[in-house]
1. Which condition number does Q154 fail, the rest of (1) among the polar types (S, T, N, Q); (2) in contact with a Ser or Thr (Cβ under 9 Å, 6 or more places away or on another chain); (3) closer than 24 Å to G219 by Cα being met?
2. Residues of segment 20-61 being β-branched (V, I, T), free of Cβ contacts under 8 Å to residues at least 60 places away in the same chain and under 18 Å from L213 (Cα atoms), which ones?
3. Say whether the condition of being free of Cβ contacts under 8 Å to residues at least 60 places away in the same chain, farther than 18 Å from A43 by Cβ, in contact with a helix residue (DSSP H, G or I) (Cβ under 6 Å, 6 or more places away or on another chain) and crowded, with 17+ Cβ neighbours inside 10 Å is met by at least one residue in segment 179-190.
4. Determine, yes or no, whether H163 is closer than 30 Å to A63 by Cβ and in a helix (DSSP H, G or I).
5. Only one of these is in the same structural domain as G186 (by TED's automatic domain parsing), on the phi < 0 side of the Ramachandran plot and out of contact with any Gly (no Cβ under 6 Å at 6 or more places or on another chain): F89, F111, F40, F49. Name it.
Amino acid sequence: MTRLLVVNPNISERVSRLIEDEARRAAAPGTEITVATAPFGVAYIETRFEALIGAYAVANVIAEQRSGYDAAVVAAFGDPGVPALREAFDMPIVGITEAALMSACLLGQRFGIIAISRRIVAWYRECVEANGLIGRLAGIRALDQPLADIGSVQSDHAERLRHLCAEAIERDGADVLILAGAPLAGLARSIRQDIPVPVVDGVSSAIRHAETLVHLAPGAARAGSSAPPPLKPNAGLPQALRDLLDGAGRDQKSRSA
């Protein structure tokens, strides 16, 4: 059995239910899914600063609940904290952005991203660039209307989202579409028959990529830039993070001795 911890870095329980529904639909038989919601933060992340808060919330959640899990999924587009989390945890950490990008690259040459807010666009472009894929980005199309309820974006803006998909294909030349963000989890599954190019969902991609990494059993990083952080004094941290840092630091010290 594969056990996956899926963390919503936002505080919205409605979005967590969307994430859980899609994660369970995507998971292979025998995969156990646990979804956790950030205990503090914002309703949905659309800025770099909010992502910083979300990353700290995710670190707390995984540190508290990590026992018994084979991998963790960070279920917010932009992958808050994912590279840093890989330093601290010895299990695979998969972000829905990176997973969606990897899936899209296997399905076509140029991908378009459909986002829920214009405020997100510049940061998402930076995320694509950080993954080394800016040359394959056809464009980013985003909703430009206020979001009354983050948990009902799919139904509140259904027509506009489909229009953005059409624009990404016809005007930007996208071969593949990525529906970005946890509030759109599951939408790809419901509209893909009406869209003339492959449509990728970040949550389902992350679940399947996480399962693959667990079964590949590649081992944990003991050197390189993802090696555990060194042992050093710390203060003011939650107990779970203190235990995590102290344990990782002791392991790193023993390996370098």
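1. (3)
2. Scanning segment 20-61 gives a single hit, T34.
3. Looking through segment 179-190, at least one residue is free of Cβ contacts under 8 Å to residues at least 60 places away in the same chain, farther than 18 Å from A43 by Cβ, in contact with a helix residue (DSSP H, G or I) (Cβ under 6 Å, 6 or more places away or on another chain) and crowded, with 17+ Cβ neighbours inside 10 Å.
4. No.
5. Just one listed residue meets the conditions, F111.
The values are calculated or read from the model by the stated rules, or taken from the named source; none is laboratory data. All of these numbers come straight from a predicted model, not from anything done at the bench. Cβ: placed from backbone, ideal geometry, glycine included. Neighbour counts: every protein chain shown.
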